[in-house]
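Dumping the structure here so I can ask a few things about it.
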Amino acid sequence: MRAMSSSSEKIKGAAWSNGVGLIKRIEIIWVVLVVLCFTALPDLSFAKSVPMVPASFSDIAEEARPAVVNIRTTKNIRGGGRVFNHFFGQPFGGDDMLRQFMAPFMEQQPKSYEQNSLGSGFIVSPEGYIVTNNHVVEGADSISVKMYDNKEYDAKVVGRDSKTDLALIKIDVKGFAYLKLGNSSDLKVGTWVVAIGSPFGLEQTVTAGIVSAKGRILGSGPYDDFIQTDASINPGNSGGPLLNLEGEVIGINTAIIPSGQGIGFAIPSDLARGIVEQLKSSGEVTRGWLGVGIQDITPDLAEYYGFKEHDGVLVGTVYKDHPAYKSGIKPGDIIIKVGDEPVKSSHELSASIAGHAVGEKVDITFIREGQMKTVKVTLTKRDDTEENQLSLSQSKAGFDEFGMSLSMLNGDNGSKFGYDSRVKGLVVTDLEPDSKAAQSGVRVGDLLVEVNHRPVENINQYKGILQQIQKGASVQLLFIRGNSSFIVVRMIK
């Protein structure tokens, strides 16, 4: 019995010891797990500050949709259409036998037909003013606006601006719900937005997405500054609002990439605000005009001019008797500020000047030969028809060692080529095929103004400079192109 008791006690003691050991091992495992949670796993604290998908967009849609309209336009196309006239016209004059043969059938063809289009818009004031795209109403003979409650009203164009593709129309009924323009400058990439419009004629369609990018330049005009969004936008959405989560309009839906999916573009509300105000007050938009041809600074140009910074805008041409000309700005100046606002690109400079009123005096800060200067310029009204166009002509003059035929620019041919009278240089009138100049990108009409930083005004001066350059040495030639752009070309002599 004692032996059995002793054996039993040993078994119980071993069991107790094993149990305690197991508990300790479990405790150790838990400690390790806790440590791993705080050390091995990534920090997820940022997740608390990131807003997730809104539970619903219904409140925004419910408040905004009564102010969003469907726009239908009609254009009367007269004369049977372009294709019809192309086949049955008389390109060589005289009696057309085909037309005589087809006359009985042609008399049955309509002399005019109606072309219909659809778009969107939104009411911006209780007086019945509606914002939309210029391309929605341009050339329309009649405009019909369909409201949220299916009531329809005739509308008239108050004003249009093709440069920004904005238009303001009006219906003669008051008291409607309207939308406020928000501040697109406060918009951040990744922010949720809502688009409302009539894609493919499907009225009051609501889509949602995020802001994909800002400041997109599509090449559609000098004032491109689009908001890119992946909120679904399709034909018929044009002119409709892009809303933030507060229900404010932060963009006007305008463009899509046909081959892309989830890529739409909207005009920022900050740009639209001033345009809408001008259209409402005067029916047109006037923009400040500096009177210069400009270009961005390339690394080659920065090196050539010894300009360390790439920010700024290079003046290529100064139009005679325009504001910059009267203020003493010259080709080759690098504009770095308008007032207190720095400018980093030609797009920024154009937008900045256009944002100032006609007749306003602005300070233009620029760099000339390493020295910073500031002049006060009184802006005039921009008139695109006054911008000189470069016309090209060729001559039979001989070719230089680079394969260029050059002619001195003077008062007689300067106006023909569209160059400012103060500009001196040699114009390229012809190029030898496969020559060094042709292979380096030189074009007929380019104006050679400097060789290795030395001004060139006539043929003898040009030849004299080349004679001083050793065979096999690199030659830098500075050209003006297109009456505004500076081009640096490097060739080996």
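The values are calculated or read from the model by the stated rules, or taken from the named source; none is laboratory data. None of these values were measured; they are calculated from a predicted model. No Cβ is skipped: glycine too gets one built from the backbone with ideal geometry, and neighbour counts run over all protein chains shown.
Using the structure shown, decide if GLY293 is touching a His at 6+ places or on another chain (Cβ under 9 Å) and either farther than 29 Å from PRO126 by Cβ or assigned by TED's automatic domain parsing to the domain that holds VAL157 (or both).
Working: touching a His at 6+ places or on another chain (Cβ under 9 Å): no; either farther than 29 Å from PRO126 by Cβ or assigned by TED's automatic domain parsing to the domain that holds VAL157 (or both): yes.
When the stated conditions are applied, GLY293 does not pass them.
SER125: among the hydroxyl-bearing types (Ser, Thr, Tyr), under 20 Å from GLY201 (Cβ atoms) and either surrounded by fewer than 19 Cβ atoms within 10 Å (Cβ to Cβ) or touching a Ser or Thr at 6+ places or on another chain (Cβ under 6 Å) (or both), yes or no?
On the way: among the hydroxyl-bearing types (Ser, Thr, Tyr): yes; under 20 Å from GLY201 (Cβ atoms): no; either surrounded by fewer than 19 Cβ atoms within 10 Å (Cβ to Cβ) or touching a Ser or Thr at 6+ places or on another chain (Cβ under 6 Å) (or both): yes.
No: the conditions fail for SER125.
Quick check: is even one residue across the stretch 322-332 over 26 Å from ARG273 (Cβ atoms), buried (at least 20 other Cβ atoms within 10 Å of the Cβ), among the polar types (S, T, N, Q) and not assigned by TED's automatic domain parsing to the domain that holds VAL475?
Within the stretch 322-332 (the criterion being over 26 Å from ARG273 (Cβ atoms), buried (at least 20 other Cβ atoms within 10 Å of the Cβ), among the polar types (S, T, N, Q) and not assigned by TED's automatic domain parsing to the domain that holds VAL475), the answer is no, since none of the residues qualifies.
Can you report the number of residues in the stretch 336-376 which are hydroxyl-bearing (Ser, Thr, Tyr) and part of a strand (DSSP E or B)?
Step one: filter the stretch 336-376 for residues hydroxyl-bearing (Ser, Thr, Tyr), giving 345-346, 350, 352, 365, 374.
Okay, now just the ones that are also part of a strand (DSSP E or B), so 365, 374.
Residues in the stretch 336-376 being hydroxyl-bearing (Ser, Thr, Tyr) and part of a strand (DSSP E or B): 2 in total.
Name the residue that is nearest to the chain's Cα centre (by Cα), counting only residues in the stretch 452-473 that are at pLDDT 85 or above and closer than 13 Å to PHE402 by Cα.
So, considering only residues that are at pLDDT 85 or above and closer than 13 Å to PHE402 by Cα, the one nearest to the chain's Cα centre (by Cα) is TYR462.
Let me ask something additional. Could you check the stretch 232-271 and list, in sequence order, the residues that are β-branched (Val, Ile, Thr), in contact (Cβ under 8 Å) with a residue 40 or more places away in the chain and surrounded by 24 or more Cβ atoms within 10 Å (Cβ to Cβ)? Explain how you work it out, then say what you get.
Residues of the stretch 232-271 β-branched (Val, Ile, Thr): 233, 249-250, 252, 254, 256-257, 263, 267.
Next, from what is left, pick out any that are in contact (Cβ under 8 Å) with a residue 40 or more places away in the chain: 249-250, 252, 254, 263, 267.
Scanning the stretch 232-271 gives VAL249, ILE250, ILE252, THR254, ILE267.
When residues of the stretch 192-225 are filtered for being β-branched (Val, Ile, Thr) and surrounded by fewer than 17 Cβ atoms within 10 Å (Cβ to Cβ), how many remain? Give the derivation first.
Of the residues in the stretch 192-225, the ones β-branched (Val, Ile, Thr) are 193-194, 196, 205-207, 210-211, 217.
From the residues that got through so far, the ones that are surrounded by fewer than 17 Cβ atoms within 10 Å (Cβ to Cβ) too are 210, 217.
So the count comes out to 2.
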